[in-house]
1. For the stretch 63-76, enumerate the residues that are touching a helix residue (DSSP H, G or I) at 6+ places or on another chain (Cβ under 7 Å) and either part of a loop (DSSP other than H, G, I, E, B) or under 16 Å from P46 (Cβ atoms) (or both).
2. Considering only residues that are free of Cβ contacts under 8 Å to residues at least 60 places away in the same chain, open to solvent by 70 Å² or more (accessible area, probe 1.4 Å) and either over 19 Å from I106 (Cα atoms) or in a helix (DSSP H, G or I) (or both), which ones fall in the stretch 1-29?
3. Any idea which of (1) open to solvent by 40 Å² or more (accessible area, probe 1.4 Å); (2) at pLDDT 95 or above; (3) outside any loop (DSSP other than H, G, I, E, B) is the one N101 doesn't satisfy?
4. Would you confirm whether or not the stretch 59-78 contains a residue that is within 17 Å of I107 (Cα to Cα) and either hydroxyl-bearing (S, T, Y) or touching a residue at least 60 places away in the same chain (Cβ under 8 Å) (or both)?
5. Inspect the stretch 37-56 for any residue being in contact with a helix residue (DSSP H, G or I) (Cβ under 6 Å, 6 or more places away or on another chain), of a type in the set (S, T, N, Q), surrounded by 12 or more Cβ atoms within 10 Å (Cβ to Cβ) and at pLDDT 90 or above and give the result as yes or no.
Amino acid sequence: MNRRQFAKYLARDQHCPCGCLGREETYIPQHRMNRGIGGSKVLDRPANIIVLCSEVNGLIESNADLAQKARAYGWKLQRWQIPEETPIYDRATGEWSILDNDFGRIIQERKAA
């Protein structure tokens, strides 16, 4: 992913959905559904990628409790889930939204998870 592409994700997401603020320099793209080593480029679509801070990104890959929470919030997906149909929860705003493949976000509801 180049800087121009990443800038589109930053413009859409604006912050890490975990609710942390002030870590903008650590933001990285995260595949909601893992590609795996040498995995399919089909999963490199906007609905499958979110911006996370590097700390949360590392923790959802290494901490079982946080990985479970990430799945509940839609930050990580199971193989059977469809990114364009599975909402993500933004703890900073309290909003659930669906991501599309045009770098858009459709707000679903506004209540805590």
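The values are calculated or read from the model by the stated rules, or taken from the named source; none is laboratory data. Because the structure is predicted, anything quoted here is derived from the model rather than measured. A quick note on method: Cβ atoms are made from the backbone with ideal geometry, for glycine too, and the neighbour counts reach across all protein chains shown. Each accessible area value is taken on the protein alone, full model and side chains, heavy atoms only, with ligands, DNA and RNA left out. Shrake-Rupley method; radii C 1.70, N 1.55, O 1.52, S 1.80 Å.
1. If we filter the stretch 63-76 for residues that are touching a helix residue (DSSP H, G or I) at 6+ places or on another chain (Cβ under 7 Å), which is where we start, we get 66-67, 70, 75-76.
Across the stretch 63-76, the qualifying residues are W75, K76.
2. M1, N2, R3, R4, Q5, R23, E24, E25
3. Among (1) open to solvent by 40 Å² or more (accessible area, probe 1.4 Å); (2) at pLDDT 95 or above; (3) outside any loop (DSSP other than H, G, I, E, B), the lone unmet condition for N101 is (3).
4. Yes, some residue in the stretch 59-78 is within 17 Å of I107 (Cα to Cα) and either hydroxyl-bearing (S, T, Y) or touching a residue at least 60 places away in the same chain (Cβ under 8 Å) (or both).
5. Yes, because at least one residue in the stretch 37-56 is in contact with a helix residue (DSSP H, G or I) (Cβ under 6 Å, 6 or more places away or on another chain), of a type in the set (S, T, N, Q), surrounded by 12 or more Cβ atoms within 10 Å (Cβ to Cβ) and at pLDDT 90 or above.
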